[in-house]
Amino acid sequence: MTHDLLALLALLSPLVAAVVLFIIAPLRVRGAVSAALTIGATSVSLVASVLLAAARMFGATAPNVDLQLAWLPGGAQTLATVGVYVDPVAAPMMVVVALVALCVQVYSVGYLGHEPSRDRGRYFAYHALFAFSMLGLVMAPNLLQLFVCWELVGLASYLLIGYYWTKPSAGQAALKAFWVTKFADMGLMLGLMVLYVKTGGFDWNVPVGQALMTADAETIAGLFFLAVVGKSAQFPMHIWLPDAMEGPTPVSALLHAATMVAAGVYLIVRAYPIFMLAPTVLTVMVYLGAFTALFAAVVAVFQDDIKKVLAFSTCSQLGYMVAALGTGSMVSGYFHLTTHAFFKALLFLTAGSLIHAVHSNSLHDMGGLWAKMKPTGILLIIGSLALAGFPMTAGFFSKDLILEELLHAGHYLPLGAAILAAGLTAFYMTRVVMLSLFGAPSEAAEHAHESPAVMLAPMVLLAVLALAGGLLHGDFARMAGVEAAFHVTPVGVVATLVGFSGIGLGLWRFSPGRRTAIGTQWVSAPMRLLTWLTASKPVDVFFAGFYRQAMLRAAAGIAWFDRYIIDALINLSGWAVLRGAERFRELQTGQPTDYVYAVVGGLIVLTAMGVFTA
Amino acid sequence: MMHELTATLRPILATLPLLHIVVAAPFVGAMLLLFINDSRPTTVRVIGVVASAISMVASFAIAIAYDMAAGGVQMTSELALVPSLGINLSLGVDGWGVSLLILTGLIMFAGAWASWTVKTRGREFYLMLLVLVTGVFGVFVSLDLFVFFLFYEIAVLPMYLLIGIWGSSNKVADAGPFKFIWKLLDIGGKEYAAMKLTLMLLIGSALIVAAMAAMYIEAGSTSFDLRHLEKTRFSLGLQLWAFPALWVGFGTLAGIWPFHTWSPDGHASAPTAVSMLHAGVLMKLGAFGVMRIGMVLLPEGAREWAWLVGGVAAINILYGAFAAMAQKDLKYIIAYSSVSHMGVVMLGAATMTVNGWNGAVYQMFAHGLMTGLFFALVGLIYEQAHSRWIPDFGGFAKKQPYIAAFFTLGCLSSLGLPGLAGFVAEWLVFLGAWQSPHAWWAIIGLLGAWITAIYVLRATRRIFWGPAPDEKWTDIRDPRGTEWVALWMLGLALVLFGAVPSLILDFIDVTTVETLPRVANAALEVLR
């Protein structure tokens, strides 16, 4: 009973904040009030989530919270319900979402401190909406509610990417993110329709083998996976994620690194009973995930914008998660989601701190910041180590688990790609660290200042989790009913060595003495072509071409057809009537003799008819 | 709690002639206006607002008084008009009627406020508006086919004057193979738009009359009562031609392709409140007619032609969306999006499944709210910018943050964002389509929703986002005073009915469950 209340509290407190802020303008235009309300509401959610999770993890086994209300009627029955559902799967994700959201919101108070008050008010209102939708997604009792919230987090993403709406590029990026993910979401909608027709509901717990044939499961899982590819930025629909970096950096940390993009992975985790019936889809997941992991890692190496490096790194890490889930191991993918949320949020927040100091995203404008900003520097290094899978950090445990699962499942090619990607990850993160923190300071870096405590505190909390998150390892395993203790394996050793060599290569290549040229300029002409190819340009060009050449042309063609063919035919009929009327009018000559002739003529005709018919 | 409250209120409300009130209030208001001097514009406006407020409150009361457990047609009353022909003024309301009465009440009330700023001939404007809405309310509560048609015409005809007198003209470039026509017809002018709209709808009416007469005669020439006609099993021969006649006749008003072209010109030329009512409510009369008269009375005919109705609806969805994408005039975008969204209604109707029908009626409701909001907003923008030409716009959110916010809300409902009313309707329709024999309709519908996302958000970005507006746009501002009413009312309604759809959907479901079996079980073989 108390747990029911806690669950409702966790979900509804951000909703109340959002509704209040959206409707009551006098509160919203005061940035501080808006921030306080949103942060307060998210804190409530966090406390409730922690209490709920503590009763379901670490060996405790509280019963699931399951509250549902009728939402849609259909044929005098209930077609769909909404509610809250907390089980051992949902509980950790709730904590992750509430925790990272809270950290980011607190950080934003400092990061956006110089923004006008009413803009900050709007910003925090969007954040409240996001916290509600994301928690609603995690706590959904059925897949339809998950989809509803899935779209709502997409809305929050659109609004937050477009936060600097006067910038044309921000507007473009917001639209692109919405269009691409919305296109992919058609898969989820279709999948839900198939699921409904086959099982009569929107539940993920379908009776195995009875209601759902394998072929149906393949269809449903395949359609769901399409939506995952869009939302979790897998190749080739990853193109919106780098552009989404137009949003404020804390937004990138929360939505486009830690939580929202991971919603796709969470969907797979939630709908795992269905995915497990679909071996083909699982195999596709392994290969596409591993490919994305490697591809995005290559692209990340060539980025000069620190946020773009991290964005492609997010694609890459999401690829790991998707591949892991494809091996049939829910734990490894889900665990990596959790640890990734901590260290990637940390990395984005430290990047934001650097950007805040030099007022530029470019790695060229950084350099030598170690001297000015030691705390941020340390935090950046911690995050990078965790991302690179340095032993005993959170990323080490989760990545190791994924590689092991790939090995066990016998997917050797994806395993190789994943190990290679791990090396590249270590390399590009070392590059970021070396270029931003060390070497000769740029002009902008001369005037850099350390960020205020309100920004540092959330980062410290995330850094602790990025270091210690690996300890949750055993508990995640227990969630899936497997007793797994960590052990050293050959593949783990190999991956760690590859990671070390990546770090070493990066240290050597970007050491202050050697950094004569960086980024895209350090390469020769063939390498530049490779850069262009790998910077996902062709995919972008393809989609842009499809939009301009196919969609806009079709639109122009149909509009022309409508105006000048269909509408003109209707006008033609009007014209014909008018012209016809003019002709007929000539019958009325106004000459009495004409009328007499007509009368006599008519009389003759009628008489003749009378005679002949009689 | 809610149920107890409504249960207590129901007997009290049952003593009131609610259906008569809802129909008569605007008409009495219109008659009162005849006696008001033109020099007192405030009195005119207050009468307009009060009359629509009475109807709106009465429509809420009808919803409370309607007993969902009992279902069927309730609050019936009868008054003989022409006993020799069996024409009676018999009123009554079912679940669909309840939902559409509420919609009409909301839109009319918002429209009355949005017309506050009409400068020329304000009295006549309100008079026409009130007469028009009398017809709309009348259609939703009529149980007599003849009276139904009478009200239908009352609703359609004032549109000619409303657009012709208070509308705005816009020139259309002459091009295409039929260029010579441009010389004779004043294409794009407001008189042209008014004439086209009226003539096209009247041709539709002629088809309706023909089908109506045939049904009356085959049913024994004794009564136009819908309940009587429902009991009659019409011959297959009649059904096979009468249903398409009704579909095209009523469908013209619902904007079915290719008889939709009155809609973009008409809506673009019409003044704010008229666009709101016309796109918001009047187009629904057409769809309501197809479902309530065409499908329910002629179930076998409907079954035979379902493939065509749904196929054309699919064309509507995609064609309207693409055509909207290419428009540069703001009102044309909204007008073509109405063509696309009415396609969703017709698609739902053609699926002949519970979810499809629920979705179709709910889409009438949701689209009414949304498009009412849109046209109210467009009216405000046009009033201040004196332009509807999107390429000239940009950065308006700086000076019109609330208009931008409400516009975005409308867009989001239009593209079917969950949490807003449009999603519920589209989801149910697509689900119904997937369950129907023509699953591909659902895919067309999904694609249409995606294309909608493209063109509405693109328009939003072009109008409101980007660098702050230049010197040209110094006069634009956020709404003031009475201008707020329509925005807040319709905006909040979109959210409320999207978050708690059962408020309306429960009513719709009652009637769907009662009437669908007639169509779903239509026994074509027996009649053959």
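Summary of values
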read-out	value
Residue check, B:A175 within 13 Å of another protein chain (Cβ to nearest Cβ), in a loop (DSSP other than H, G, I, E, B) and farther than 23 Å from B:E304 by Cα	yes
Test: residue in segment A:181-197 that is open to solvent by 30 Å² or more (accessible area, probe 1.4 Å) and more than 10 Å from every other protein chain (Cβ to nearest Cβ)	no
Some residue of segment B:86-105 being of a type outside the set (D, E) and over 29 Å from B:D144 (Cα atoms)	no
Selection within segment B:317-346 - of a type outside the set (A, V, I, L, M, F, W, C) and within 12 Å of chain A (Cβ to nearest Cβ)	B:Y319, B:G320, B:Q327, B:K328, B:D329, B:Y332, B:Y336, B:S340
Those residues of segment A:372-408 which are in a loop (DSSP other than H, G, I, E, B) and open to solvent by less than 50 Å² (accessible area, probe 1.4 Å), in sequence order	A:M373, A:G389, A:P391, A:T393
Failed criterion for B:G255 (all others in (1) surrounded by fewer than 24 Cβ atoms within 10 Å (Cβ to Cβ); (2) within 14 Å of chain A (Cβ to nearest Cβ); (3) not acidic (D, E) hold)	(1)
Residue match in segment B:370-379 (condition: closer than 30 Å to B:L246 by Cα, hydrophobic (A, V, I, L, M, F, W, C) and within 14 Å of chain A (Cβ to nearest Cβ))	no
Restricting segment A:110-125 to residues that are surrounded by fewer than 17 Cβ atoms within 10 Å (Cβ to Cβ) and of a type outside the set (K, R), the residue that is nearest to A:L152 (Cα to Cα)	A:D119
Residue within segment A:141-164 that is in contact with a strand residue (DSSP E or B) (Cβ under 7 Å, 6 or more places away or on another chain), of a type outside the set (S, T, N, Q) and more than 10 Å from chain B (Cβ to nearest Cβ) present	yes
Check on B:I317, surrounded by 24 or more Cβ atoms within 10 Å (Cβ to Cβ), closer than 30 Å to B:R480 by Cβ and either modelled with pLDDT under 95 or more than 13 Å from the chain's Cα centre (by Cα) (or both)	no
Yes/no for A:L226 being more than 22 Å from the chain's Cα centre (by Cα) and aliphatic (A, V, I, L, M)	no
Evaluation of A:A466 against (1) modelled with pLDDT of 90 or more; (2) open to solvent by 10 Å² or more (accessible area, probe 1.4 Å) (one fails), failing number	(2)
Condition check for A:L137: more than 8 Å from chain B (Cβ to nearest Cβ) and crowded, with 24+ Cβ neighbours inside 10 Å	yes
Residue in segment B:340-361 that is under 30 Å from B:W305 (Cβ atoms), aliphatic (A, V, I, L, M), in a helix (DSSP H, G or I) and in contact with a Pro (Cβ under 7 Å, 6 or more places away or on another chain) present	no
Hits in segment B:266-313 - residues which are outside any helix (DSSP H, G or I) and open to solvent by less than 10 Å² (accessible area, probe 1.4 Å)	B:A270, B:L298
Counted residues, segment B:375-401 - those being closer than 16 Å to B:R462 by Cα and part of a helix (DSSP H, G or I)	12
Count of segment B:184-202 residues which are open to solvent by 20 Å² or more (accessible area, probe 1.4 Å) and more than 19 Å from B:L161 (Cβ to Cβ)	2
Residues that are touching a Phe, Trp or Tyr at 6+ places or on another chain (Cβ under 8 Å) and either in a loop (DSSP other than H, G, I, E, B) or more than 18 Å from A:L188 (Cβ to Cβ) (or both), drawn from segment B:452-467	B:I454, B:L457, B:T460, B:R462, B:I463, B:F464, B:W465, B:G466
Residues of segment B:430-447 satisfying the condition of being among the aliphatic types (A, V, I, L, M), surrounded by fewer than 21 Cβ atoms within 10 Å (Cβ to Cβ) and within 8 Å of chain A (Cβ to nearest Cβ)	B:I443, B:L447
Subset tally (residues that are of a type in the set (V, I, T) and within 12 Å of chain A (Cβ to nearest Cβ)) for segment B:380-429	3
Filter result for A:V97 (part of a strand (DSSP E or B) and within 23 Å of A:L255 (Cβ to Cβ))	no
Any chance A:A559 is at the interface with chain B (Cβ under 7 Å from one of its Cβ atoms), within 30 Å of B:W450 (Cβ to Cβ) and open to solvent by less than 40 Å² (accessible area, probe 1.4 Å)	yes
Unique residue being buried (at least 23 other Cβ atoms within 10 Å of the Cβ) and either more than 10 Å from chain A (Cβ to nearest Cβ) or touching a His at 6+ places or on another chain (Cβ under 7 Å) (or both) when the list is B:L505, B:L494	B:L494
Filter result (more than 25 Å from B:S142 (Cα to Cα) and not aliphatic (A, V, I, L, M)) within segment B:1-36	B:H3, B:E4, B:T8, B:F35
Residues of segment A:562-590 satisfying the condition of being in a helix (DSSP H, G or I), hydroxyl-bearing (S, T, Y) and more than 7 Å from every other protein chain (Cβ to nearest Cβ)	A:S573
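Let's see how each residue does on (1) within 13 Å of the chain's Cα centre (by Cα); (2) not in a helix (DSSP H, G or I):
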| residue | (1), (2) |
| --- | --- |
| A:V180 | yes, no |
| A:L190 | no, no |
| A:Q234 | yes, yes |
| A:M260 | yes, yes |
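The values are calculated or read from the model by the stated rules, or taken from the named source; none is laboratory data. A quick note: this is a predicted structure, and the numbers were derived from the prediction, not measured. Cβ sites come from the backbone with ideal geometry, for glycine too, and all protein chains shown count toward neighbours. To get the accessible areas, we keep the full protein, side chains included, count just its heavy atoms, and leave off ligands, DNA and RNA. Shrake-Rupley method; radii C 1.70, N 1.55, O 1.52, S 1.80 Å.
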